[in-house]
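Taking it in order: structure first as C-alpha cells, then the write-up.
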Number of protein chains: 2
Amino acid sequence: MLDYLSCSKEVLLKEKANLEATYKDYVSQHLKLDMSRGKPAGSQLDLNNDILNTLETYITEDGTDARNYGVLDGIPEAKKLFSDLLGISEKNIIIGGNSSLNLMYDQFVRLMLFGTQGQAPWCQLEKAKFLCPSPGYDRHFAICEDLGIEMITVPMNEDGPDMDYVEQLVREDASIKGIWCVPLYSNPQGICYSDEVVDRLASMKTAAKDFRIFWDNAYGVHHIYEEHKLKDIFQATKEAGNEDRVYYFFSTSKITFPGAGVALMASSLSNIAEIKKHMTVQTIGHDKLNQLRTVNYFKTADGVKAHMKKLADELRPKFDVVLNTLDKELSGSGLLTWTKPNGGYFVAVDTLDGCAKETVALAKEAGVVLTGAGATYPYKNDPRDCNIRIAPTYPTIEELTTAIELFCVCVKLAGVNSLLEDKLDEERAM
Amino acid sequence: MLDYLSCSKEVLLKEKANLEATYKDYVSQHLKLDMSRGKPAGSQLDLNNDILNTLETYITEDGTDARNYGVLDGIPEAKKLFSDLLGISEKNIIIGGNSSLNLMYDQFVRLMLFGTQGQAPWCQLEKAKFLCPSPGYDRHFAICEDLGIEMITVPMNEDGPDMDYVEQLVREDASIKGIWCVPLYSNPQGICYSDEVVDRLASMKTAAKDFRIFWDNAYGVHHIYEEHKLKDIFQATKEAGNEDRVYYFFSTSKITFPGAGVALMASSLSNIAEIKKHMTVQTIGHDKLNQLRTVNYFKTADGVKAHMKKLADELRPKFDVVLNTLDKELSGSGLLTWTKPNGGYFVAVDTLDGCAKETVALAKEAGVVLTGAGATYPYKNDPRDCNIRIAPTYPTIEELTTAIELFCVCVKLAGVNSLLEDKLDEERAM
C-alpha cells in the first residue's frame, strides 16, 4: 500500500492522473447509488412481512379492544415484551407511536414549555445549552437547532464521550441542560459506552438541577459481530441518587419496519408521571393495533433476539464489504482512518483534515450519495472537515461494492489533491 | 306530561316520592353502563374489520416502499382520497399519525414556541387568550389549560358561536389568538355552523395578526339524519384575504378505528411550509402502511361516503332511543331542553340551572357514567351548572334504553329537588 503522506510531489502527480482516469470511468457508468441514510434494504424488510398478518386478535390480554380509543401509555403485553427485552420495569415505560425521534422531540418540547421537577421551563431561560458528543446523529442536533438550544460539541473517545471534558462543563455551567447519547453502536462511529462512562454520566455533579441525559438506545439489540453488554443506566443513576436524570428511547424501526414500528420511552416514575400529565392532553392513545402486531409477531424478548440474529446475518456481509474494501484500498495509505463497529447501522471514517466535503462532492458527481459532510456535527459544522458517515444497509451487496470502491477512489483523489496543495504551499513558502 | 314548573309543593313532594322509589329500583339493578365518551361500540368497529386485511401491497403509487422511512406529509394516494372527500387541494394537506388531537396539540406547541408568519411565539407573550364556544369539546379546552392559554367562554347559538360577541372581542383584544370550532355536528350539541357564521369567522377583523381558527371538522362526514352542507372555510378565508387564518383537522378515528385511524391537517400553503419545517425535525414520517390500509379499504371518497351510510344506519337507532325517550319522558316537563342533532356523536341537554352536577351524580350512583357535568365548559366550569353531554354510541341499544330511562329519572329527581328548594326559599322569604 502506498503511504501517500510520504510521497514526493512527482509520485502524487502521477497517482492523481491515475485516480482521475479511474474516477472518470466511474462517472461514465452513470451510477445512482444511495449510502446516505440508515435505511434498511427492501430485502431486509421482506424478512418482516409476516408481521402484517399476525393480528390474530384485537383484544388485549386485559380485555381492552385495541381498535377503540384509550390506553395512553401502551398495552400491557407490549410493555412486558420491551421490559423483558431491555431490562426496564414495565411501570417505567411509555409506548408511543411509530417514531422514537418524535418521542424525543416531544420530550424536548415539554422541557421547553413546562420544565421538569419544578425547575423553570427552558423557553424562559436566557440560554439553554446541550452537549453533543460528535460525530453524532444529525437528527438529534436538528432538534436542538429547531428549538434554539445552543449546542456544545464534545469529542468522542473510543469508549464514549470525553468524560473529563463533560464533567468539567456540566459542573460549572448551569445553563447546560443535558447531553445526547447513543450509547450502543453509536451513530455514526459504532462506539459502545464503557461501564466507566455510563457510571460517570450517571453520577457526575451538574450545576443544572434539571440536567437530562437523552439516552437514545436505537441500536440496543442491533449486534452484528460481537455483542457488547451496555451497563444499565437506570441502575447507575439510581445508585448515584440521580434517578430523574435519564430519558431512555428505543424503537422497532430498525427491527420491523422503519415507517411502521413501535417506539417507546422510559424514565423514573416521577418523570413518567410528569410526561403522562401532558401526554394525556396531547393524545387519547397511540396505535394499539400496531403494538399488538408487534407482540404477536415476536411473542417474547427471545423472539426479538432471534429475529435480530437474522437481521445481523443480512447486514454482516454489507459491513464486511465496506470494512474489507476500506482495508484493502486505504489501510496504511495515511489518507483515512475508520471505526470497526460491532453493531448498529454505520461506519464512520475520517479523511485528512479538509477533505470530507471534497470526497462527498466527488462521490456525488459520480452518482453515489453519501450523508452530507459535516452532518455528524452540530450546526453541520465539522471543524476539521474530516468526518463522513457511511450507511451500508440500503444498497444491495453489488451496489455497495461498487459504491464503496468508488468512495475509496474519491478519498484518494481528495487526499492527493490536498497533499499536492500542501506541497505547493510549501514551495511558495520557501 | 306534567309541567313541573307549575306544580304545587304538594304535587312535587308526591312526585319526588314516586321518583325516589323508581330510582331505588334502578340502584338495586347494579347497572354498569357508560355514556361518557364518544366511543364507537364494538359492533360498529366490527363493520371495519376488513381494513386489517386490505394491505395488498406496501408499494405506493409513486413507487415508495411504505414499510421504510420517509414521506413526511403522507403518501399521494392518501392525500388524494382526503382531498376528494373534503374538497381540499392535496398540496394543502398533511397526513399525520393516528390522532387529530395530537396534530392540534402539536400545532399549538409550534405557535407557543415559534409563533407564526413572523409574529412572536405565544410563550413569550404576557398573555395569550383563546375563544371557546361552549358547550364545547373538553379535550380542546384541556389543550389550552395545559399550555396556560386563558380561555374565554363564548355562547353557542343555533347556527354556531355568537358572532356578535366574537367579532367584538377579537377586534379589541390583540391577546385573543384564536378560536376553537367544531363546525359540523358540534361536540356536544350537534350544531352546524351556518354560511353566515363561516363567512363572519373568515372575514372578521382581528386585532391579533396571528389570530387562528382551529377548525376541527371531526364529524365532517358523520351524517345520521339529514346531511348539512358546511360552507368551505378555505374559500371564505381566501375571499376575505385571510388565507393563513385556518388550521383544519380531520381523522378517520370515527370512520375506521379510533385507536388506529389516520389523521390530517390542512392549511394555507404558507402555513403548511411553516409546519413542515418543524415537523421534519420532529419525525421522519408517520405510519404509511396504515395510510395504505385506509386507501385500499375505501378506494375512493365515494367509498368513504358509502361506508358512512352504514355507520349512520348503526348509529341512528341509538340516537332515536335517546331522542324518543327524552321526548316521551321530558317533553313539556319544563325540566330539560336538548338539541336534535343531524349527525355527529352526541346529544347535549340543559337541565334546570344548578341541576347538572346532581343529575350526573345520581346517574353515577345508579351505575350509569355520563361525561362529568361542567366538562363541556372551559376549566370544567359550567356557570349555570346545566349542560350535560350524552354519548349514545358506545352502549348497546338495550343498555342505552335502560341508561337513558334512568337518566330521565335522574333529571326529574334533580329537577324536583331543585324546585322544592325554591319553594322552601319562597316560604322562608314570606
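The values are calculated or read from the model by the stated rules, or taken from the named source; none is laboratory data. In this text, all values refer to a predicted model and were calculated from it rather than measured experimentally. Note that each Cβ is placed from the backbone with ideal geometry, even for glycine, and that neighbours are counted across all protein chains shown. Keep in mind that these areas ignore ligands, DNA and RNA; they rest on the heavy atoms of the full protein, side chains included. Shrake-Rupley method; radii C 1.70, N 1.55, O 1.52, S 1.80 Å.
Residue check: is B:S175 of a type in the set (S, T, Y), more than 30 Å from B:S36 (Cβ to Cβ), in contact with a helix residue (DSSP H, G or I) (Cβ under 6 Å, 6 or more places away or on another chain) and more than 14 Å from chain A (Cβ to nearest Cβ)?
Working: of a type in the set (S, T, Y): yes; more than 30 Å from B:S36 (Cβ to Cβ): yes; in contact with a helix residue (DSSP H, G or I) (Cβ under 6 Å, 6 or more places away or on another chain): no; more than 14 Å from chain A (Cβ to nearest Cβ): yes.
Judged against the criteria, B:S175 is not a match.
Of all residues in segment B:294-349, which are within 10 Å of B:I224 (Cβ to Cβ) and of a type in the set (G, A, S)?
B:A312, B:G343, B:G344
B:V182 is checked against (1) open to solvent by less than 10 Å² (accessible area, probe 1.4 Å); (2) more than 14 Å from every other protein chain (Cβ to nearest Cβ); (3) β-branched (V, I, T) and fails just one. What number does that condition carry?
(1)
For residues in segment B:193-209 being assigned to a loop (DSSP other than H, G, I, E, B) and buried (at least 22 other Cβ atoms within 10 Å of the Cβ), which is nearest to the chain's Cα centre (by Cα)? Before you say what the answer is, go through the steps one by one.
First pass over segment B:193-209, keeping only residues assigned to a loop (DSSP other than H, G, I, E, B): B:193-194, B:204-209.
Still in the running and buried (at least 22 other Cβ atoms within 10 Å of the Cβ): B:193, B:206.
Details: B:Y193: 13, B:T206: 25 Å.
So, considering only residues that are assigned to a loop (DSSP other than H, G, I, E, B) and buried (at least 22 other Cβ atoms within 10 Å of the Cβ), the one nearest to the chain's Cα centre (by Cα) is B:Y193.
Counting only residues that are more than 30 Å from B:S43 (Cβ to Cβ), give me the strands (runs of 3 or more DSSP E) lying completely in segment B:335-430 with at least 2 of them.
Of the strands (runs of 3 or more DSSP E) lying wholly inside segment B:335-430, those with at least 2 residues that are more than 30 Å from B:S43 (Cβ to Cβ) span B:347-351.
Which numbered condition trips up B:T393, out of (1) touching a Gly at 6+ places or on another chain (Cβ under 8 Å); (2) open to solvent by 10 Å² or more (accessible area, probe 1.4 Å); (3) within 20 Å of B:Y345 (Cα to Cα)?
(2)
Looking at segment B:169-190, which of its residues are within 10 Å of the chain's Cα centre (by Cα) and part of a loop (DSSP other than H, G, I, E, B)?
Scanning segment B:169-190 gives B:V182, B:P183, B:L184, B:Y185, B:S186, B:N187, B:P188, B:Q189, B:G190.
Determine whether segment A:94-105 contains at least one residue that is over 26 Å from the mean Cα position of the chain (by Cα) and part of a helix (DSSP H, G or I).
Looking only at segment A:94-105, we keep the residues that are over 26 Å from the mean Cα position of the chain (by Cα), and these are none.
Checked against the condition, which is being over 26 Å from the mean Cα position of the chain (by Cα) and part of a helix (DSSP H, G or I), segment A:94-105 yields no hits at all.
Can you tell me how many residues in segment B:111-139 are under 18 Å from the mean Cα position of the chain (by Cα) and within 10 Å of chain A (Cβ to nearest Cβ)? Before the answer, list the steps.
Step one: filter segment B:111-139 for residues under 18 Å from the mean Cα position of the chain (by Cα), giving B:130-139.
Now narrow it down to the ones that are within 10 Å of chain A (Cβ to nearest Cβ): B:139.
Matching residues across segment B:111-139 total 1.
Within segment A:61-100, can you find the residues that are free of Cβ contacts under 8 Å to residues at least 60 places away in the same chain, within 14 Å of chain B (Cβ to nearest Cβ) and either touching a Ser or Thr at 6+ places or on another chain (Cβ under 6 Å) or surrounded by fewer than 17 Cβ atoms within 10 Å (Cβ to Cβ) (or both)?
The one that is free of Cβ contacts under 8 Å to residues at least 60 places away in the same chain, within 14 Å of chain B (Cβ to nearest Cβ) and either touching a Ser or Thr at 6+ places or on another chain (Cβ under 6 Å) or surrounded by fewer than 17 Cβ atoms within 10 Å (Cβ to Cβ) (or both): A:G63.
Taking the stated definitions as given, is B:T256 under 19 Å from the mean Cα position of the chain (by Cα), over 27 Å from B:S194 (Cα atoms) and among the hydroxyl-bearing types (S, T, Y)? Steps first, answer last, please.
Working: under 19 Å from the mean Cα position of the chain (by Cα): yes; over 27 Å from B:S194 (Cα atoms): yes; among the hydroxyl-bearing types (S, T, Y): yes.
The answer is yes for B:T256.
Sort out which residues of segment B:402-430 are in contact with a Pro (Cβ under 9 Å, 6 or more places away or on another chain) and open to solvent by 30 Å² or more (accessible area, probe 1.4 Å), and write them in order of number. Quick ask: steps written out before the conclusion?
Pass one, segment B:402-430, residues in contact with a Pro (Cβ under 9 Å, 6 or more places away or on another chain): B:402-404.
B:T402, the sole residue that qualifies.
From the list B:L12, B:L31, which residue is closer than 21 Å to B:T325 by Cβ, surrounded by fewer than 22 Cβ atoms within 10 Å (Cβ to Cβ) and more than 14 Å from chain A (Cβ to nearest Cβ)?
Details: B:L12 fails: closer than 21 Å to B:T325 by Cβ.
One residue alone meets the criteria, B:L31.
Consider B:G344 carefully, then state whether it is over 19 Å from B:T401 (Cα atoms), away from chain A (no Cβ under 14 Å), under 19 Å from the mean Cα position of the chain (by Cα) and surrounded by 24 or more Cβ atoms within 10 Å (Cβ to Cβ). Reasoning before the result, please.
Numbers: over 19 Å from B:T401 (Cα atoms): yes; away from chain A (no Cβ under 14 Å): yes; under 19 Å from the mean Cα position of the chain (by Cα): yes; surrounded by 24 or more Cβ atoms within 10 Å (Cβ to Cβ): yes.
The answer is yes for B:G344.
So in segment B:42-60, with the set limited to residues that are aliphatic (A, V, I, L, M) and within 9 Å of chain A (Cβ to nearest Cβ), which one is farthest from B:T294 (Cα to Cα)?
Just the residues of segment B:42-60 that are aliphatic (A, V, I, L, M), to begin with: B:45, B:47, B:51-52, B:55, B:59.
Add one more test, that the residue is within 9 Å of chain A (Cβ to nearest Cβ), and what stays is B:45, B:52, B:55.
Numbers: B:L45: 14, B:L52: 9, B:L55: 9 Å.
Here the residue is B:L45.
Limited to segment A:302-334, what total is found for residues that are within 21 Å of the chain's Cα centre (by Cα), closer than 26 Å to A:L85 by Cβ and either free of Cβ contacts under 8 Å to residues at least 24 places away in the same chain or assigned to a loop (DSSP other than H, G, I, E, B) (or both)?
Going through segment A:302-334 one residue at a time, the tally reaches 2.
On the given criteria, is A:V281 out of contact with any Ser or Thr (no Cβ under 9 Å at 6 or more places or on another chain) and either closer than 30 Å to A:V11 by Cα or more than 14 Å from chain B (Cβ to nearest Cβ) (or both)? Reasoning before the result, please.
Details: out of contact with any Ser or Thr (no Cβ under 9 Å at 6 or more places or on another chain): yes; either closer than 30 Å to A:V11 by Cα or more than 14 Å from chain B (Cβ to nearest Cβ) (or both): no.
Taking the combined requirement at face value, the residue does not satisfy it.
Look at segment A:376-390 and say how many of its residues are open to solvent by less than 10 Å² (accessible area, probe 1.4 Å) and in contact with a Lys or Arg (Cβ under 7 Å, 6 or more places away or on another chain).
Selection size over segment A:376-390: 1.
Restricting to segment A:119-168, name every residue that is within 19 Å of A:A348 (Cβ to Cβ), in a strand (DSSP E or B), open to solvent by less than 50 Å² (accessible area, probe 1.4 Å) and in contact (Cβ under 8 Å) with a residue 60 or more places away in the chain.
Hits for segment A:119-168 are A:C132, A:S134, A:M151.
Taking B:A361, is it hydrophobic (A, V, I, L, M, F, W, C) and open to solvent by 20 Å² or more (accessible area, probe 1.4 Å)? Before you say what the answer is, go through the steps one by one.
Values: hydrophobic (A, V, I, L, M, F, W, C): yes; open to solvent by 20 Å² or more (accessible area, probe 1.4 Å): yes.
Yes.
Go over the candidates A:V321, A:V304 one by one and state the one that is open to solvent by 20 Å² or more (accessible area, probe 1.4 Å) and among the aliphatic types (A, V, I, L, M). Talk me through it step by step, then tell me what you get.
Numbers: A:V304 fails: open to solvent by 20 Å² or more (accessible area, probe 1.4 Å).
After ruling out the rest, the residue left standing is A:V321.
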